[in-house]
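Here the structure comes first, spelled out in C-alpha cells, and everything after it is commentary.
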Amino acid sequence: MKRFALLCAAALAVAITAGPAAAQELTGTLKKIKDTGVVKVGNRDASIPFSYLDDQQKPIGYGVDICLKIVDAIKAELKMPNLKVDFVPVTSQTRIPILTGGNIDLECGSTTNSVERQKQVAFAPTYFVTGTKLIVKKSSGIKGYDDLKGKTVVYTQGTTNERAMKAYNDEKKLGINFIPSKDHAESFLAVETGRAVAFPMDDILLYSLRASAKNPADYEVIGPFLSDDPYGIMLRKDDPAFKKLVDDTVIKLYKSGEINKIYHKWFESKIPPKGINLGFPMSDALKELVKNPSDKGVEACGKMKC
Amino acid sequence: MDFSVFFQPAFSGGGIYLDWVLSGIKWTLLVSILGWVIAFSVGSLLGILRTTPVPALRWIATIYVEVFRNVPLLVQMFIWYFVLPEIVPTGMGDWLKTRMPVPEFWNAVLCLGFYTASRVAEQVRSGIQSIPRGQTDAGLAIGLTLPQVYRHVLLPMAYRIVIPPLTSEFLTIFKNSSVALTIGVLELTAQARQISEYTFRTFEAFTVATVVYLVITLAVALVMRVLEKKVRVPGYIGSARK
C-alpha cells in the first residue's frame, strides 16, 4: 500500500512537472499532428501546375512540393519520421471551411492571399504572383473586358477572380450574364462548348488550361490584369508556433535557392500527365518576393473598389 | 450567431444578402413546381401505360422507368446540360447552350421533371393495380370502353389511394432541386453557399436555408393533407378514422 502511494505521488510529480512543459512546447496544429500522428494536406484537382492530380490520381505540383518540404520540417520538429500524410481534396469553395474546421492542416493549391481571407486564415509567404485575365476562343472576337457587354461569362465559385470580374461588371454596367461553376476544368469546359464566351481566372492557370486543351491554338488569354493575386499556402490563424515553422521552412527554401529548382521543375520543364512545358520563367515580382519574403495580402476586388 | 449579416449590403448587384436568399427561394420554387408539372403529367401517363393490356406500351413505359430511376440524378443533370447539346445537330446545340433564355434553369426543370416522372409512374401504377380486378371487369361488362374504365372507374380511386406516396415525391422534388446548383442554377442551397463564402457566416446562411426548406415542405405537406381529406370517398379507403 505504501509502495502504491509512493508510486502515485511519483506519477503525480511527473505529471505536474511534465504537463506544463509539454503544453508549452506543443500547441494548436503541431499538437494535433503529434496526437493524431497524421498531417492533413488539402490539394486541388485541376490547379495546374500548382496542385493537381497525375494519371494515377496522385496529388502533385509546385505547391504540393513546397508543402511536402513543410511536412519534412514537421517530421523533424516533432521527431516523427513516420508521420502519415493524408491528402484531402478541396475546391475553391470548400478550402476555407475545411481548413478552419480542422479537416486539413495546410492547403496547398492556388489560393490568393487576400486581406479579406486573412480574417479567417493565415498565409505562408507568397510563393507565386499572378492576376486575373480572361480566356476566350479566338473565334469569339472578344478583345478586352468591355467586349463582354451582355455576354455570358463563366466563373469558378469562391475565387477572387469571381469578385474582380463582378466588381468590374458592376462598375462598368456591362450587364454580363454570369454562370457559376464548381471547378476550373468545368469552367473551361463551358468556354470550350460555347456555353460561355469567357472565363476570368489567374493567368497562369489559364495558360495551363489552354496547354492541356484539345486544340490550344483555338484559345487566347487576354488582359490586362484585372487584379493582382499573390498565392500562399493556407494554414489556420492564431497558431504562432505552426506559422513560424511553415514560414521558416518556406523562407529557407528561398534563401538556399532550392525554390529555383522546384520552380524550374514545374514551370520550365515537361510536367505530367501530358508532358507539356509551360515555359513560364519566374517573374520579376516573384524574384523580388524570394529575396524579401512577404505574406502581405491584397484587396479582394482587384483593381476596382468593393 | 449573428443574423444581421442578411441585412448587410451584398457584394454585388446592389441590394442586401437577404435579396440573395429571396432570389434563391424564387428559383427553388420555380424549378420544383415546373418540374413537378412535368413529373405529374408524364408520370401519370407512364403509370397508366404500365397497366394497359398492350405489351408494346407496357414495355416502353417499363424501359423509361428503369432508365430514369436507376441513373443518379446528378449524372442525369450533367447529361442534360453537358452531353445533350453536343449530340444534337450543331444549330440546335448552339440554341440549347446560348440562345435559349436561362439554359441552366430549363435544363434543371426538364431533368428533375423527367427523373421524378419515373417515380410518379410507379406510384400511379401501384395505385391502379391495388384496385380489385373485378372493377375493371364490371366496367367492361356494363359496356364501357377501356379508356372509359380508366377515366371513370380506375383513376379516380387510384389517385386517391396514392396521395400519401405522391406527397412524398412532391416533397422530394423540392429537396432534389438543390442538385440544380451543380449546373449553375443559383437556387436556395447555392445562394446559401455563396453567402457563406462572401460573408464567412456559414452557420447563419445554412440555418436560414434549412428553415426555408422546412417551411416550404411543411406547407406542401399541409396542402396535400387538406386535399386528401377533401377528396376522400366516405365508406372507402381512409375513412375508418373519424
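Things to note:
- Here chain A yields Rg over Rh of 1.08, to two decimals, using C-alpha coordinates and the Kirkwood radius.
- Positive-end residue, the protein assembly as shown charge dipole about Cα centroid, Cβ charges, pick of B:Val226, A:Thr160, A:Asn82: B:Val226
- Take A:41-53, B:63-75, A:216-228 and order them by the average number of nearby Cβ atoms within 10 Å per residue, most first; the result is A:41-53, A:216-228, B:63-75.
- Cβ-placed point charges (K, R +1; D, E -1), dipole of the protein assembly as shown about Cα centre in debye, nearest 20: 1420
- Averaged over the residues of A:91-104, the number of partner chain Cβ atoms lying within 10 Å of the residue Cβ comes to 1.
- Rg/Rh for the range A:184-306 stands at 1.01; both radii use Cα atoms, and Rh follows the Kirkwood definition.
- Kirkwood-Stokes translational diffusion coefficient of the range B:20-172, alpha-carbon pairs, 4 °C, 1.567 mPa s, µm²/s: 75
- Each of B:Gly134, B:Val185, A:Gly223 was placed along the dipole of the protein assembly as shown (beta-carbon charges, centred on the mean Cα), and the one lying farthest toward the positive end is B:Gly134.
- For the peptides B:33-42, B:217-226, the ranking by packing is B:33-42, B:217-226, with the highest mean count of neighbouring Cβ atoms within 10 Å listed first.
- Rg/Rh ratio calculated on Cα atoms of the protein assembly as shown (Kirkwood radius): 1.09
- Annotation note: trypsin sites (Lys or Arg not before Pro) in the range A:242-286 located in DSSP loop regions with a Cβ neighbour count of at most 16 within 10 Å are A:Lys274.
- Look at the dipole of the range B:3-230 built from charges on Cβ: of B:Pro165, B:Phe3, B:Val211, the Cα furthest out on the positive end belongs to B:Pro165.
- Share, in percent, of DSSP beta bridges within the range A:131-229 that are antiparallel, nearest 5: 60
- Given charges at beta-carbon only (K, R positive; D, E negative), |dipole| of the range A:188-247 in Debye: 240
- Taking the convex hull of Cα positions in the range B:2-80, its mean projected area over all directions (nm²): 7.9
- Share, in percent, of DSSP beta bridges within the protein assembly as shown that are antiparallel, nearest 5: 60
- Check: the range B:3-230 dipole with +1 on Lys, Arg Cβ and -1 on Asp, Glu Cβ, in debye: 660
- Annotation: lysines with alpha-carbon distance below 17 angstrom to A:Lys137 (same-chain offsets under eight excluded): A:Lys149, A:Lys151, A:Lys214, B:Lys97.
- Shielding of peptide A:174-181 by partners, expressed as the average count of other chain Cβ atoms within 10 Å per residue Cβ, is 3.
- Shielding of peptide A:188-195 by partners, expressed as the average count of other chain Cβ atoms within 10 Å per residue Cβ, is 4.
- Bridges between two residues of chain A, per DSSP, are antiparallel at a rate of about 60%.
Where a number appears in this text, it was derived from the coordinates with a stated rule and is not lab data. Just so it is clear, the structure is predicted and the values come from calculations on it, not from any experiment. In this analysis, Cβ positions are derived from the backbone assuming ideal geometry, glycine residues included, and neighbour counts consider all displayed protein chains.
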